[in-house]
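Chemist: Below you will find the structure I want to go over with you.
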Amino acid sequence: MENLHPIHGLDGSGLSSYKLTVVVPLFNEESVLPLFHARLESVLESIQHDWEIIYVDDGSTDQSPLILQQIKAANARVGVARFTRNFGKEEAMSAGLSLASGDAVIIIDADLQDPPELIPAMLDAWLAGADIVNMRRLQRSGESWFKKATAHAFYRVINRLSEVPVPEDVGDFRLLSRRAVDALNLLEERNRFMKGLFAWIGYRNVTLDYNRDARVAGKSKWQYWRLWNFALEGITGFSVAPLKIATYLGLACAGITFIYAAYFFLKTLLVGESVKGFPTLIVTVMILGGLQLMAIGIIGEYLGRLFVESKRRPLYLLEEYDAPRASEDLHAY
Ligand code: UDP
Ligand code: MG
């Protein structure tokens, strides 16, 4: 098995020349894209190293593809991949990671909630020896207290259940070294809960703090139903604890019922009782029925995911990929 061998590669410490890839997953971001690109490009121009940007258009239905074409025409260092439909941000990030050719890769949102101006600090942490530079949000402007509270609860739950801790308040904005990217590219599962995958691969992690800005324009694509399903993906993808809980709950119920039955048996033998106790009966039946349905539902969650994994479909389909031109082909650097 090839993936049992250590992945050799650069961790960044002491590199004098390198190439940075910035991966940008985006979906219907026409209102911020030009501004985003301008800000990102001016930061990248300032770092005095080779770079490329890979925009992954996650099936946008607005003017984003057109804007990307213009951006690409104006700068050959930009690559544009387009999905055949909206596959989701996790898939878009996965695509970006497998297309990236840099020694370090930074994933950043297109809505300017992750300030591109932090990139030099992330590179410094990488050059000092980190494989993964996590960016922790100190403040989350422009997000409702409910979203923040549910996000907090989610991290509490997932960290109780999963075998690898997922750092709280760390979004997808992060830097990955070449070998961390290669490691991620080895993971073939369809369940792309990237926050869990980033934690799973290990390596030297460093966390930097920043204040998360509000979205510059446009709307968040994460409605609560989507977030809820995202949370379920995360929990079921990284832990079998719910299955165990179902098992123990079932066992406990069976045990209690057994004692209860013994009690009635003895009572009838000793005292002799007529048919009473309809309430106990119905309550017992209903509790057991409910628990059984719940346990079946939990099994179903896993089974459904097993089903999806077993089909081994590709994670995403590319409509087209216009690769960035390699730096050797570009004059004047
Ligand atoms: N995004 C994506 N595919 C989707 C939804 C979102 O590529 O199906 C991108 C989106 O364009 C943005 C990033 O993921 O660049 C974060 O999305 P958003 O700002 O909506 O999420 P939030 O910041 O509210 O968590
Ligand atoms: Mg956002």
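Chemist: Would you list V206, V32 from fewest to most Cβ contacts within 10 Å?
Modeler: V206, V32
Chemist: Once the dipole of the chain is set up with Lys and Arg at +1 and Asp and Glu at -1 on Cβ about the Cα centre, which of A254, A217, I67 lies farthest towards its positive end?
Modeler: A254
Chemist: How far apart, in nanometres, would the label points at E320 and H152 be if each is projected 7 angstrom from Cα along the Cα-to-Cβ direction?
Modeler: Output for this residue pair reads 4.7 nm.
Chemist: GNM, the chain, Cα, under 10 Å: largest mean-square fluctuation among A81, A261, A130?
Modeler: Top of the fluctuation ranking is A261.
Chemist: When only C-alpha pairs under 8 Å and at least 6 residues apart count, what is the relative contact order of the chain, in percent?
Modeler: After rounding, I find 24 percent.
Chemist: Which links in K148/K244; K147/K244; K147/K219 stretch past 21 Å when you go from one Cα to the other?
Modeler: K148/K244; K147/K244
Chemist: Fewest to most neighbouring Cβ within 10 Å: what's the order for S42, S177?
Modeler: S42, S177
Chemist: By how many degrees, between 0 and 90 and to the nearest 10, does the Cα long axis of helix 145-161 differ from the longest principal axis of the chain?
Modeler: Roughly 70 degrees, rounded to the nearest 10.
Chemist: Which FRET efficiency value, to the nearest 0.05, is calculated for Y203 and S17 with the Förster distance at 35 angstrom and r the Cβ-Cβ distance?
Modeler: With R0 = 35 Å, the Cβ-Cβ based efficiency is 0.95.
Chemist: Taking the dipole about the Cα centre of the stretch 8-151, with the C-beta of Lys and Arg at +1 and of Asp and Glu at -1, give me whichever of L35, Y55, T150 is farthest to the positive side.
Modeler: Toward the positive end, the furthest listed residue is T150.
Chemist: A further question on this structure: Specify the angular offset, from 0 to 90 degrees and rounded to the nearest 10, of the alpha carbon long axis of helix 33-45 from the longest principal axis of the alpha carbons in the chain.
Modeler: Tilt relative to the chain: about 60 degrees.
Chemist: Starting from 0.36 nm per residue, how many nanometres of slack lie between L270 and W145 once their C-alpha separation is accounted for?
Modeler: Result: 39.0 nm gained on full extension.
Chemist: Which value in deg cm²/dmol, rounded to the nearest 500, describes the helix-derived mean residue ellipticity at 222 nm for the chain, given -39,500 (n - 2.57) per DSSP H run of n ≥ 4 and division by the residue count?
Modeler: -15500 deg cm²/dmol
Chemist: Quick one: dipole size for the chain, taken about the Cα centre, charges +1 on Lys/Arg Cβ and -1 on Asp/Glu Cβ, in debye to the nearest 20.
Modeler: For this selection, approximately 1480 debye.
Chemist: Label-point separation (nm) for K311 and E45, each offset 7 Å from Cα along Cα-to-Cβ?
Modeler: 4.6
Chemist: With point charges of +1 on the Cβ of Lys and Arg and -1 on the Cβ of Asp and Glu, referenced to the Cα centre of the chain, which listed residue (S162, S239, G277) lies farthest in the positive direction of the dipole?
Modeler: My answer, from the dipole projection, is G277.
Here, each number is a calculation from the coordinates, and none is a lab measurement. Owing to the predicted nature of the structure, the values given are computational and were not obtained by experimental measurement. Ideal geometry is used to build each Cβ from the backbone, glycine not excepted, and the neighbour counts take in all protein chains shown.
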